[in-house]
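The values are calculated or read from the model by the stated rules, or taken from the named source; none is laboratory data. Since we're looking at a predicted model, the values are computed, not measured. FYI the Cβ positions are ideal-geometry reconstructions off the backbone, even for glycines, and counts take in every protein chain you see.
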Amino acid sequence: MLPVTLQFLIAMIASSINDRAKRKLDYALEEVRVLRDTLQAATGSMRIPFSPDQRRRLALAGKELSHAERRQCCQIVKPGTILDWLRELAARKYDSSRRKTGRPRKARDVRELVVKMALENLGWGYTKIRDALRTGLKIEIGRSTVADILNEAGIEPAPEREKKRTWKRFIKMHWDTLYACDFFSVETLGPFGVVRYMVFFVIELKSRTVEIAGIAVDPCEEWMKQVARNLTESGGRISSRREVFDPRSRSIVHGWVRGDSQSGGCKEREDPSAQSQLQSVCGAIWRTIKYECLNQYVIFGERHLRHLVEEFVEHYHTERFHQGLGAN
């Protein structure tokens, strides 16, 4: 569980982001109202002659909104009109009464492949997709055909798609090569009372393979750099990886990746959300180790702790079933 101070900080940041988003939305809505009033004063009518492409774009954008959001945001077009356009788009797919002119449509599997390539490669434009299909798959298709397929599917050109690159998409694309790291604390009995140890672990996100990288009472920067060298040098767990995620964005982890010439060229990336998939994976690991193993013992010192953790990790890799792996 996150400390109260960190929870308060996250709440303050979230509130600030929400306030900024609300101010931007209020300005955009007011700007639309001004343009609507200007149009009415100039033409005497509120009716705008939308083209079919504009109707499709507005319908697809309005589809993502809830009923209350459509009532708030739709200033030029009524929410009911948006729903009517959506129904027309859905019905058009099954309308065989219209006479089709010109060249026949591409096969359904080709059209689905074009859409898939555009969604999985946000920087690919019409020409790049056409060349990939022609050269790699020997599918003859024109640039304008690619553009028509993507426009009909409501997919923007490459420059607009690039702006919508998300962390979720980044993680999905690099899932096979990503590692995450985190700490968890364990209290043990020492000769002079309770001693709290910090356990630092690294997990491969694809296979859920865990490595206990180090255990220390006070994991300082020099200690973290030494752990980094152990992990990234030849034969280390992440010697061939270049992306390491720290779900909690702890400053102590920056020291062993940023500015450390011995870190093997790895780059640390901060997780964009406290409730992200990466944090859930790391949280599941340390909760599993604690609840299924450490909480069942009275731990006497570092040596006992290290033995328990290493034994459980071995059990975790070889005997325990993993429910989460099937979901990925």
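The set of residues from region 33-69 being within 30 Å of the chain's Cα centre (by Cα), farther than 17 Å from GLY154 by Cβ and not in a loop (DSSP other than H, G, I, E, B) comprises HIS67, ALA68, GLU69. Scanning region 150-161 for residues that are at negative phi and surrounded by 13 or more Cβ atoms within 10 Å (Cβ to Cβ) yields LEU150, ASN151, GLU152, ALA153, ILE155, GLU156, PRO157, ALA158, ARG161. One residue alone among ALA180, ALA147 is at negative phi, free of Cβ contacts under 8 Å to residues at least 24 places away in the same chain and of a type in the set (A, V, I, L, M, F, W, C), and that residue is ALA147.
Every residue, every condition in (1) among the β-branched types (Val, Ile, Thr); (2) modelled with pLDDT under 85; (3) touching a helix residue (DSSP H, G or I) at 6+ places or on another chain (Cβ under 9 Å); (4) assigned to a strand (DSSP E or B), yes or no:
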| site | (1), (2), (3), (4) |
| --- | --- |
| LYS164 | no, yes, no, no |
| ILE171 | yes, yes, yes, no |
| PHE183 | no, no, yes, yes |
| VAL195 | yes, no, yes, yes |
| PHE200 | no, no, yes, yes |
| ARG208 | no, yes, yes, no |
| ILE215 | yes, no, yes, yes |
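Would you confirm, using the coordinates I've provided, whether GLU120 is in contact with a helix residue (DSSP H, G or I) (Cβ under 8 Å, 6 or more places away or on another chain) and under 27 Å from SER280 (Cβ atoms)? Spelling it out, GLU120 is indeed in contact with a helix residue (DSSP H, G or I) (Cβ under 8 Å, 6 or more places away or on another chain) and under 27 Å from SER280 (Cβ atoms). Selection of first residues in region 123-140 that are in the same structural domain as GLU160 (by TED's automatic domain parsing) and of second residues that are in a loop (DSSP other than H, G, I, E, B) and of a type in the set (A, V, I, L, M, F, W, C), restricted to Cβ pairs under 9 Å at least 6 apart or on distinct chains, gives the following pairs, ordered by first then second residue: ILE129/ILE141; ARG130/ILE141; ALA132/TRP124; LEU133/ILE139; LEU133/ILE141; ARG134/ILE141. In summary, LEU189 fulfils each of the numbered conditions (1) outside the structural domain of GLU311 (by TED's automatic domain parsing); (2) of a type in the set (A, V, I, L, M); (3) closer than 23 Å to PHE300 by Cα with the single exception of condition (1). Within region 196-209, the set of residues being under 16 Å from HIS307 (Cβ atoms) and touching an Asp or Glu at 6+ places or on another chain (Cβ under 8 Å) comprises TYR197, PHE201.
Does THR232 satisfy the criteria of being surrounded by fewer than 16 Cβ atoms within 10 Å (Cβ to Cβ) and not aromatic (Phe, Trp, Tyr)? Taking the combined requirement at face value, the residue does not satisfy it. Among the residues of region 116-124, not a single one is in contact with a Gly (Cβ under 8 Å, 6 or more places away or on another chain) and at pLDDT 85 or above.
Number of residues in region 54-73 that are more than 12 Å from TRP85 (Cβ to Cβ) and either surrounded by fewer than 15 Cβ atoms within 10 Å (Cβ to Cβ) or in contact with a Cys (Cβ under 9 Å, 6 or more places away or on another chain) (or both): the value is 8.
Restricting attention to region 112-144, the residues that are surrounded by fewer than 15 Cβ atoms within 10 Å (Cβ to Cβ) and under 24 Å from the mean Cα position of the chain (by Cα) add up to 5.
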